1. Determine, from the Cβ-Cβ distance of D51 and L115 and an R0 of 22 Å, the FRET efficiency 1/(1 + (r/R0)^6), rounded to the nearest 0.05.
2. Size of the dipole of the chain about the Cα centre, Lys and Arg at +1 and Asp and Glu at -1 on the beta carbon, nothing else charged, in debye to 20?
3. Just from its helices, what would the mean residue ellipticity at 222 nm be for the chain, if runs of 4 or more DSSP H residues each count -39500 (n - 2.57) and the sum is divided by every residue, rounded to the nearest 500 deg cm²/dmol?
4. Among N105, N32, N186, whose mean-square fluctuation peaks in a Gaussian network model of the chain (Cα, cutoff 10 Å)?
5. How large, in percent, is the carbon and sulfur part of the accessible surface of the chain at a probe radius of 1.4 Å?
6. Can you give me the long-range amide H partners of L46? Hydrogens built in the peptide plane at 1.01 Å from N, cutoff under 5 Å, separation of 5 or more residues or another chain.
7. Decide, for region 1-123, between rounded, prolate and oblate: order the square roots of the alpha carbon gyration tensor eigenvalues as a ≥ b ≥ c, take rounded if a/c falls under 1.5, and otherwise choose prolate if a/b is larger than b/c, else oblate.
8. Apply the a/c threshold of 1.5 to the C-alpha gyration tensor of region 148-206 and tell me whether it is rounded, prolate or oblate.
Amino acid sequence: MYIIVVGAGTIGSQVIELVTREQNEVVVIEENPERANAVSRDYDCLVVNADATEKETLEQASADGADAIIATTEEDAVNIMVLLLARDIGIPSLVSVVQNPDHMNLFRQLGANVLENPQRLIAEYLVRAVQRPSIKDFMSLGGGAEVFEITVTDEGPVAGKTLSEAGEAGLLPDGVLVIAIERDGNIVTPRGDTEIRAGDLATVFSRDGVTDPVMRQFTGSS
């Protein structure tokens with residue numbers, strides 16, 4: 001893919017590392033000369049040291065041939081302007097960081113895929129790791145729903161039961177689905193006769209999020 005990354009700050013530099021590692025054709029637009037030089041030195045990509053809110057800069061980056069643009073600056077106004085220009089040019093995929101949640105709908109109206117306030121999400125992740133150490137990873141969805149990974153323990157009521165048995169016993173209430181199981185390095189696609197075992201890393205969808213009752217079914221505690 002041909003990807004344009006706007007901004008080479010804390011978030012942008014991580015994005016640049018990822019997209020260049022995967023052998024994409026990458027152009028980075030960074031207005032700060034020191035950051036631009038650092039990216040040019042450290043990564044195999046073209047760097048444009050200019051203001052991305054000017055159409056001439058995007059034209060210099062051959063934006064009309066880009067598959068995607070990722071705006072990562074710390075200013076929502078800058079990211080919005082970049083996406084407006086990118087949309088007018090016709091870049092198919094628009095992606096942006098959103099610093100202020102109040103601006104989320106505006107970004108979505110532009111047709112952008114968005115990541116809300118990454119600093120807050122990181123803080124939330126760290127707090128969750130302290131509060132619920134058995135949760136290995138999680139993703140918040142709309143309406144309070146979450147997808148999370150949890151390690152099943154011997155004390156969890158679902159351990160040793162098939163999904164059908166757990167459902168019949170009321171251990172997996174409505175709105176809770178086991179969507180994948182990792183066992184001994186292999187991924188098991190769960191079916192009704194799939195047994196949940198202690199030590200399994202279960203990927204779970206919960207309509208009401210990671211609640212204490214849901215946690216208890218897998219670990220015996222909250």
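1. On the way: r = 23 Å, r/R0 = 1.04.
Calculated transfer efficiency: 0.45.
2. 540 debye
3. Working: 8 runs with 76 residues, N = 222.
One gets -10000 deg cm²/dmol as the mean residue ellipticity at 222 nm.
4. N186
5. About 47 percent, which is the carbon plus sulfur part of the accessible surface.
6. V26, V28
7. Details: a/c = 1.56, a/b = 1.20, b/c = 1.30.
Oblate is the answer for region 1-123, as a/c is 1.5 or above yet b/c matches or exceeds a/b.
8. rounded
The values are calculated or read from the model by the stated rules, or taken from the named source; none is laboratory data. The shown structure was predicted, so the numbers you read here are calculated from the model rather than taken from an experiment. Because the Cβ atoms are built from the backbone with ideal geometry, glycine has one as well, and the counts that use them run over all protein chains shown. The protein model used for the area step is the full one, side chains on, heavy atoms only, and it has no ligands, DNA or RNA in it. Shrake-Rupley method; radii C 1.70, N 1.55, O 1.52, S 1.80 Å.
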